[in-house]
1. Which of the residues spanning the stretch 20-45 are of a type in the set (Gly, Ala, Ser), in a helix (DSSP H, G or I) and more than 18 Å from the chain's Cα centre (by Cα)?
2. For a quick check of your reading of the model, give me the residue pairs whose first member lies in the stretch 13-26 and is within 17 Å of Leu66 (Cα to Cα), whose second is of a type in the set (D, E, K, R) and away from the ligand (no atom under 12 Å from the Cβ), with beta-carbon atoms closer than 9 Å and at least 6 apart or on different chains.
3. Is there a residue being in contact with a strand residue (DSSP E or B) (Cβ under 7 Å, 6 or more places away or on another chain), open to solvent by 90 Å² or more (accessible area, probe 1.4 Å) and not in a strand (DSSP E or B) anywhere in the stretch 98-105?
4. Can Gly123 be described as over 18 Å from Met181 (Cβ atoms) and open to solvent by less than 90 Å² (accessible area, probe 1.4 Å)?
5. Check Val135, Val147 and return the single one that is closer than 25 Å to Gly55 by Cβ and assigned to a loop (DSSP other than H, G, I, E, B).
6. Given Asp5, Asp27, Asp9, which one is near the ligand (Cβ under 8 Å from one of its atoms), open to solvent by 70 Å² or more (accessible area, probe 1.4 Å) and farther than 28 Å from Cys93 by Cα?
7. Here is a list: Met40, Met44. Which entry is more than 27 Å from Asp139 (Cα to Cα) and open to solvent by 50 Å² or more (accessible area, probe 1.4 Å)?
8. For the stretch 63-116, which positions are β-branched (Val, Ile, Thr) and more than 17 Å from the chain's Cα centre (by Cα)?
Amino acid sequence: MNMCDRCQDKVATIILTDDWQERLCGDCFNDMVSAEMGVMLEAMPEEIAVNDYSGTRRNFTVQRRLYPNGIFLEAVADIEYGYQFAVDGELECNQSELFQKLIDKVKRGVSKRFIKVGEFPNGQKYHSIIDDEVVGRIDHDEMSSSVPMIVIDGQPYTWEQLGEMVKSYEGFQIQMKFFDMTD
Ligand SMILES: [Zn+2]
């Protein structure tokens, strides 16, 4: 793990390559862009908690990144393969409105459940799709290089598990559409 070249305090997550290479943490990167672009970053909560479709509390860390063309906010659940949401805005945007947009997106995102667990008479559990619709995030499956992990309802499903659920729709049509995290 590399530490930030500027503050020597936090883990470097960004590598800048110019005439020389500099490794920066998120905060130092934001400070640098903020100074260069003349944008003041407003104070913002670093953590948020919202209740999901079942009333379960979900904790998120909020990360902010400033780019020459805008501000990017991301809420990442504090569990592996959990929920993630992101929004972006112009550099001159109202930052508290942008943060509110992120909160709204998180709340909306966790309020709807797409997969339910059922049980066969023999006690074996199965997953099925509620309301013929699934929205999720494509993640990397550590165990397999050939198929992705799909995160739905803030939890991971393997490609095979999703396939099992889709099998019950044999004879139906399917529409697949991919969106950027900020859409
Ligand atoms: Zn730093």
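1. Selection gives Ser34, Ala35.
2. Ile14/Arg65; Gly26/Arg64; Gly26/Arg65
3. There is at least one residue in the stretch 98-105 that is in contact with a strand residue (DSSP E or B) (Cβ under 7 Å, 6 or more places away or on another chain), open to solvent by 90 Å² or more (accessible area, probe 1.4 Å) and not in a strand (DSSP E or B).
4. Here the answer is yes, as Gly123 does meet what is asked.
5. Among Val135, Val147, only Val135 is closer than 25 Å to Gly55 by Cβ and assigned to a loop (DSSP other than H, G, I, E, B).
6. That would be Asp9, the only listed residue that is near the ligand (Cβ under 8 Å from one of its atoms), open to solvent by 70 Å² or more (accessible area, probe 1.4 Å) and farther than 28 Å from Cys93 by Cα.
7. The unique qualifying residue is Met40.
8. Passing the criteria: only Ile115.
The values are calculated or read from the model by the stated rules, or taken from the named source; none is laboratory data. Just so it is clear, the structure is predicted and the values come from calculations on it, not from any experiment. All Cβ positions, glycine included, derive from the backbone under ideal geometry; neighbour counts span all protein chains shown. Heads up: the accessible areas ignore ligands, DNA and RNA and are worked out on the full protein's heavy atoms, side chains in. Shrake-Rupley method; radii C 1.70, N 1.55, O 1.52, S 1.80 Å.
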